[in-house]
Structures are given as C-alpha cells and as structure tokens.
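Structure record follows, encoded as structure tokens.
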Amino acid sequence: MTLVGGTAPNINTSPVQLESRFQFAVSVDCVIFGYENNMLKVLLINCDLPEFKDRWSLLGDLVLPDEDLDKASYRILRERTGLENVFLEQVHTFGDVKRHPAGRVITTAYYSLLNIRDHQLKLLNNDLHWHPLKDIATMAFDHKKILDACYATLQKKIQEEPIIFNLLANKFSLRELQLLYETILNVELDRRNFRKKLFTTNLLTDLDEMEANVPHRPGKLYSFNHAHYAEMKKKHFVGIDF
C-alpha cells in the first residue's frame with residue numbers, strides 16, 4: 001500500500017479507524033469480464049462496509065509501498081481469483097476527493113477478459129460471484145462509474161484489437177463469435193457482412209471440424225490465428241469496424 005502519514009490499513013477499514021491514520025492512499029480496482037451462457041458478466045464481491053450494506057464492489061486493494069500499479073493489478077487478480085498470465089489492461093484513474101468514506105483513496109482501474117468455462121477461479125469467499133452486466137444497477141463506492149468506464153473501453157477495444165478471443169474457447173463457431181460481438185456492442189450485426197469483414201482479416205484458422213451436440217444446425221469450428229496476428233501487428237493491424 002502507498003500511504004502518506006500512517007501505516008497500512010485494510011481498504012475496507014471503517015472511517016473511524018482510519019481517521020487519524022492516513023491522508024491519502026493509492027489503490028487498484030480490477031474489472032474482470034467473463035462470458036457465459038451468451039451473457040457478458042463481471043466478477044464482484046459483497047462490500048463489508050456498513051455504508052454500503054448489501055452492495056457489490058469490484059476486486060481491489062491498496063498498492064504496496066514497493067509495488068508499481070501494473071504489478072499490483074496482477075497481484076490482486078492472482079490473490080483474489082488464482083488467475084495468472086491473463087489479459088489485463090489499465091483504463092483510467094479515479095480521484096474524486098470523497099469517493100471512499102475512509103479517506104482520500106485514488107484508484108486506478110484495470111480490466112481483464114476471460115472465458116468462465118475454461119478458468120477455474122480460486123473463490124475463497126462465498127460473497128464472490130459472477131453477475132450479468134445488464135443486471136448491475138448500483139454498486140459500492142464509485143464502482144458503477146468505474147465499471148461503466150471499463151465497459152465503454154471494452155466496446156471500443158474489441159473493434160481495434162482481437163482481445164475478444166480471450167472470452168471464447170479455443171475452438172468456436174462463427175455464430176458464437178458474432179453473438180459475442182453483438183452482446184458486448186449491444187447491437188445486431190448483419191450475418192453476411194460480419195463474416196465478410198472477419199474473413200478479410202485472416203485472423204481465423206478453419207479447423208475442418210464441426211460443432212457437436214448443439215440445438216441448431218452445426219457450424220464449422222475455427223481458432224484464432226495468433227501467429228498471423230503477430231505478423232499483422234508488425235505491419236499495423238487496423239481492427240474490425242462493425
């Protein structure tokens with residue numbers, strides 16, 4: 001934790017306990033997006049401060065004295081979920097004076113993307129749950145503001161870089177991919193136009209396999225071509241504008 005004027009308190013310590021212990025603190029909050037059952041979800045924890053009783057908050061913690069922001073974000077993700085080596089990117093710093101009832105806490109938000117089915121989380125607390133993004137109306141602190149900012153960044157970023165594939169299994173159909181884009185962008189995309197634009201990127205590898213055990217006509221399965229994307233980045237990848 002990075003503090004001025006005191007020792008390192010827990011971020012959820014009550015205002016009374018913190019009143020004379022620090023002037024300001026620096027924290028990191030992680031917005032962890034997941035995709036499951038055709039829904040975009042976010043991982044939240046029940047806030048234990050009486051001021052925010054029965055409200056949910058993002059996964060966050062104070063930054064250690066010898067820790068930079070990026071390292072803090074990965075540490076928090078690892079400690080709270082057990083996840084390592086996943087996509088994580090800084091979005092924005094939030095510094096409203098009264099954003100935390102315990103005192104002045106300046107926080108930097110990061111967002112992460114993962115496929116819920118393929119990642120076993122280390123859920124140490126029963127109050128840690130996946131919530132459909134569309135169902136979240138209010139949150140503790142200014143975390144709804146942070147969540148909205150990260151979601152807006154995600155909507156923009158998936159059209160600039162192929163980070164969306166972090167939310168899918170290694171093998172996926174074009175139907176699954178289009179539905180994911182539509183879910184995140186909150187739009188309905190033309191099937192023919194979507195596929196035409198996608199194939200021009202050469203980001204997909206046809207696996208010569210078909211879907212199995214699906215309630216609709218089986219579609220071809222594809223994988224993301226990491227090697228080709230690496231080559232494209234060297235020449236400047238322009239993204240996919242839907």
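Read-outs: derived from the displayed coordinates by stated rules, not from any lab. The shown structure was predicted, so the numbers you read here are calculated from the model rather than taken from an experiment. For neighbour counting, all protein chains shown are included, and Cβ atoms are generated from backbone atoms with ideal geometry for every residue, glycine included.
Key figures for this structure:
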{"item": "Using a Förster distance of 45 Å, the FRET efficiency for Glu182-Gln23 (Cβ separation, nearest 0.05)", "result": "0.45"}
{"item": "DSSP-assigned coil residues among GluC sites (Glu not before Pro) in region 147-183, each with at most 12 further Cβ atoms within 10 Å", "result": "Glu160"}
{"item": "Inter-label distance, nm, simple model (7 Å from Cα along the C-beta direction), Arg192/Glu211", "result": "2.1"}
{"item": "Amide hydrogen neighbours beyond the local backbone of Asp29, cut-off 5 Å, H modeled", "result": "Thr108, Ala109, Tyr110"}
{"item": "Exposure proxy order (Cβ contacts within 10 Å, fewest to most) of Glu161, Glu84", "result": "Glu84, Glu161"}
{"item": "Phi-based couplings in Hz for region 99-109 (Karplus 6.51, -1.76, 1.60; Gly and Pro marked x)", "result": "6, 10, x, 7, x, 7, 10, 9, 10, 10, 9"}
{"item": "Set Lys134/Lys233; Lys197/Lys235; Lys98/Lys233 screened for pairs whose C-alpha atoms are more than 30 Å apart", "result": "Lys134/Lys233; Lys98/Lys233"}
{"item": "Helix axis angle, 143-157 relative to the chain longest principal axis, alpha carbon, degrees", "result": "30"}
{"item": "Residues Asp70, Asp54, Asp190 arranged by fewest to most Cβ contacts within 10 Å", "result": "Asp54, Asp190, Asp70"}
{"item": "Whichever aspartates and glutamates have a C-alpha closer than 13 Å to that of Lys145, once near sequence neighbours (fewer than 8 apart) are set aside", "result": "Asp29, Asp96"}
{"item": "Residues His236 and Arg99, FRET efficiency given R0 of 41 Å [Cβ-Cβ distance, rounded to 0.05]", "result": "0.60"}
{"item": "Diffusion coefficient, µm² s⁻¹, Stokes-Einstein with Kirkwood Rh over alpha-carbon pairs of the chain at 25 °C and 0.890 mPa s", "result": "125"}
{"item": "Check: the chain dipole with +1 on Lys, Arg Cβ and -1 on Asp, Glu Cβ, in debye", "result": "500"}
